[in-house]
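The values are calculated or read from the model by the stated rules, or taken from the named source; none is laboratory data. Remember, it's a predicted structure, so these values are computed and weren't measured experimentally. Please note: Cβ atoms are built from the backbone with ideal geometry, for glycine as well, and neighbour counts cover all protein chains shown. Each accessible area value is taken on the protein alone, full model and side chains, heavy atoms only, with ligands, DNA and RNA left out. Shrake-Rupley method; radii C 1.70, N 1.55, O 1.52, S 1.80 Å.
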Amino acid sequence: MVVIHFSIPSSFPAPEQTTAAGDKFDFSDCLVHQVIETIEFVLGTVSHTASYLRLWALSLAHQQLSSVFFNLILLTGMSMPLPLNILAVYVCFGLWFAVTLAILGGMDVMECFLHTLRLHWVEFQSKFFKADGRAFQPFEHRTILEQYIHG
């Protein structure tokens, strides 16, 4: 069994350490950095909440439209007098089915697409992406195992 340990280096040296350039630890730099990180975290949280609210609004519109389609199409056919309601329900059901499939089905597809897009771009980018000047290297098991075996 192979156990691989990962460590995340600290962005600031300990107070008794110096950086490669010989700079001493500065608490004010650390404080400013943490304040900036806190502000970014709060803004990200508000952004995630607004993004979920947009999806919730789309779901609410979906529910309201399905209620409107049912009331305007199917109940119209059901409310006709007895000899006509048999044919009316048959025709209204076909119309209701077509409208539901076209509009609500399209909304479902759009909702799934937007949720996936939101997860990839809003959640992923804000949690894992740091524009710190290093080239992106995707996670690969093969690369980690090669580093472990060869080096």
For segment 47-74, give me the residue count where each residue is touching a residue at least 12 places away in the same chain (Cβ under 8 Å) and of a type in the set (A, V, I, L, M).
6
Identify, please: which residue in segment 74-99 is of a type in the set (V, I, T) and at pLDDT 90 or above and is, among those, nearest to the chain's Cα centre (by Cα)?
V99
Any residue in segment 75-98 that is free of Cβ contacts under 8 Å to residues at least 24 places away in the same chain, hydrophobic (A, V, I, L, M, F, W, C), farther than 30 Å from E40 by Cα and outside any helix (DSSP H, G or I)?
yes
Among the residues of segment 123-144, is any part of a helix (DSSP H, G or I), open to solvent by 100 Å² or more (accessible area, probe 1.4 Å) and within 30 Å of F41 (Cβ to Cβ)?
yes
In the set A57, A61, the lone residue that is open to solvent by less than 90 Å² (accessible area, probe 1.4 Å), under 16 Å from the mean Cα position of the chain (by Cα), under 30 Å from V109 (Cβ atoms) and at pLDDT 85 or above is A57
Please go through (1) without any contact (Cβ under 8 Å) to a residue 24 or more places away in the chain; (2) under 25 Å from T49 (Cα atoms); (3) assigned to a helix (DSSP H, G or I); (4) open to solvent by 70 Å² or more (accessible area, probe 1.4 Å) for M110 and return the number of the only condition it doesn't satisfy.
(1)
With the structure loaded, tell me whether A50 is open to solvent by less than 60 Å² (accessible area, probe 1.4 Å), at pLDDT 85 or above and not in a loop (DSSP other than H, G, I, E, B) or whether it fails that test.
no
Any residue at all in segment 131-142 that is under 30 Å from Q63 (Cα atoms) and of a type outside the set (F, W, Y)?
no
